[in-house]
Amino acid sequence: MRRPRGEPGSRAPRPTEGATCAGPGESWSPAPNSMLRVLLSAQASSARLSGLLLLPPVQPCCLGPNKWGDHRPPGGGPRAGPVQGLQRLLEQARSPGELLRWLGQNPTKVRAHHYPVALRRLSQLLGSLPRPPPVEQATLQDLSQLIIRNCPSFDIHTIHVCLHLAALLGFPSDGPLICTLEQERRFRLPPKPPPPLPPILRGGQRLEAALSCPRFQRRPQQHLIRSLAEARPEELTPHVMVLLAQHLARHRLREPQLLEAIAHFLVVQEAQLNSKVVQKLVLPFGRLNYVPLEQQFMPCLERILAREAGVAPLATVNILMSLCQLRCLPFRALHFVFSPGFINHVSGTPHALIVRRYLSLLDTAVELELPGYQGARLPRRQQVPIFPQPLITDRARCKYSHKDIVAEGLRQLLGEEKYRQDLTVPPGYSTDFLLCVSSCGAVLPVRAQDPFLPYPPRSCPRATRDPAQRVVLMLRERWHFCRDGRVLLGSRALRERHLGLMGYQLLPLPFEELESQRGLPQLKSYLRQKLQALGLRWGPEGG
């Protein structure tokens, strides 16, 4: 017995190759080639083919309790309600005309989610037939008008689904359907909040905001000066001034007007500042090798040291280190930090090693620069090398340094046995290149001589000393100077000053001169002129 068409068990028509037929409620993913033929035959726009892969499935919808009092999905109960029944009719429509009739003849039963179901079924009908007939333009226009008329009742998900399916079916992007759906989509989006108005910052607040910004430029002197000038005295808090001091020190900005403002603030706010804040305010003066014009600057620091020395040992030593770079060491503070009580107190603290290193440098400064000092000194057993390794800035910028090419120039000019590189001399200062020179100016093999001069310097007459001189070639790289490139940083100036006081003859090699040499031959000629200007001789004629 022949089964009626459409009953279970009947054979369904075989889909064409490349097309996939989907049943009710299933997602449909057509092959591009077959859909291209379909859309071209239906006078669809090929520009909308990009929507083929963007077909979100229409979710089955449950519209509330039915007459059985439960929330059964469509087709889940013994008998579907009118709304669910219309969805099943749309999903089983066999032609575009039938699809449109179900929508037009049941206006009271049509809901928003029925329109994406209708569009999806239309795309399934076009994709499931080997040779689909062209869709009448009136059918598409009628469907378009139905969707436009009911679009205000759609939710955002329904609007998105309709947009994708309408693009797939070839509706023009500037046509009424796409434009209406896009307008509704934009209307449903949450409004963007207006950008917050920038707060009105006063002088001190603007200064703090600028200094706290990680992208703040490295040369903002005029901006800082303007913000500082516009700030009222009560707006210049210790926090703001500490930020300013740290910024100047970090970027090597030797700006007198800003440094003088910090010095004046320190004097005015002396009673309210503790040594931990003062050490940060004093830091740029020593690092930038700048002695302020403020006359009360030094007396103010001496009073703060006398008041706070026993409270914060590390802060006290940090303040003295900055003053040491400025050659302004107060005797009373030195008496205190070299006392046995202070040394014993810091020996058991976590920062004992760094304090002993700083105290060793202070003791060296007393030995070399304060001949009139008669107070306590750091015991010999407490002394440690000041700088046992190259400074952090030199290690970080080693690939930009001229040291390697200068070393190669000296090797070719003098020979490897005539100089020492990176030698640390007592009491702990590193040297770039050291030469031993006889009394007649001949460069001697370093390994045959004692490269170190005695420390502390002996008080005996010069004639009884070693007649050989020690010449130290000092590289003055760009980062050894303040940002203006004319003043050495405090730590560099201190090292050169102390090496000179210990008896070493210094030969500076400024970065401007080194950068002007083009290649090794020019550099060798430059080094030859520098050494000969000191009266040095080497090679066969030098012995």
Checklist entry - Considering only segment 507-523, how many residues are open to solvent by 50 Å² or more (accessible area, probe 1.4 Å) and not hydroxyl-bearing (S, T, Y)? => result 6
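Which one of Q92, Q145, Q105 is at pLDDT 80 or above, more than 25 Å from E184 (Cα to Cα) and either among the small types (G, A, S) or open to solvent by 40 Å² or more (accessible area, probe 1.4 Å) (or both)?
Working: Q145 fails: more than 25 Å from E184 (Cα to Cα); Q105 fails: at pLDDT 80 or above.
One residue alone meets the criteria, Q92.
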Next on the checklist: Any residue at all in segment 288-296 that's touching a Cys at 6+ places or on another chain (Cβ under 8 Å) and among the hydrophobic types (A, V, I, L, M, F, W, C)?
Outcome noted: yes
Checklist entry - Does Y429 count as over 17 Å from Q469 (Cα atoms), in the same structural domain as S516 (by the TED database) and among the hydroxyl-bearing types (S, T, Y)? => result yes
Checklist entry - Taking interchain pairs and intrachain pairs at least six residues apart, which have beta carbon atoms under 8 angstrom, with the first residue in segment 91-120 and assigned to a loop (DSSP other than H, G, I, E, B) and the second crowded, with 21+ Cβ neighbours inside 10 Å and among the hydroxyl-bearing types (S, T, Y)? => result A112/T158; H113/T158
Item to check | From the options A365, A376, residue that is outside the structural domain of R478 (by the TED database), outside any strand (DSSP E or B), open to solvent by 10 Å² or more (accessible area, probe 1.4 Å) and at pLDDT 90 or above | outcome: A376
Item to check | Which numbered condition D484 misses (of (1) open to solvent by less than 60 Å² (accessible area, probe 1.4 Å); (2) touching a residue at least 40 places away in the same chain (Cβ under 8 Å); (3) closer than 28 Å to C324 by Cβ; (4) within 37 Å of the chain's Cα centre (by Cα)) | outcome: (1)
Item to check | segment 264-314: number of residues that are open to solvent by less than 10 Å² (accessible area, probe 1.4 Å) and in contact with a His (Cβ under 9 Å, 6 or more places away or on another chain) | outcome: 2
Checklist outcome for this item: Picking from L494, L473, the residue that is at pLDDT 95 or above, under 26 Å from L361 (Cα atoms) and touching a Cys at 6+ places or on another chain (Cβ under 8 Å) would be L494
Checklist entry - Residues of segment 243-263 being open to solvent by 10 Å² or more (accessible area, probe 1.4 Å) and farther than 26 Å from R478 by Cα, which ones? => result A261
Item to check | Of residues in segment 151-172 being out of contact with any Lys or Arg (no Cβ under 9 Å at 6 or more places or on another chain) and not β-branched (V, I, T), the one farthest from F187 (Cα to Cα) | outcome: H164
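The values are calculated or read from the model by the stated rules, or taken from the named source; none is laboratory data. What you see is a predicted model, and the numbers here were worked out from it, not measured in a lab. With ideal geometry, Cβ positions are generated from the backbone for all residues, glycine too; neighbour counts draw on all protein chains shown. Side chains are part of the model used for accessible areas, which takes the heavy atoms of the whole protein and leaves out ligands, DNA and RNA. Shrake-Rupley method; radii C 1.70, N 1.55, O 1.52, S 1.80 Å.
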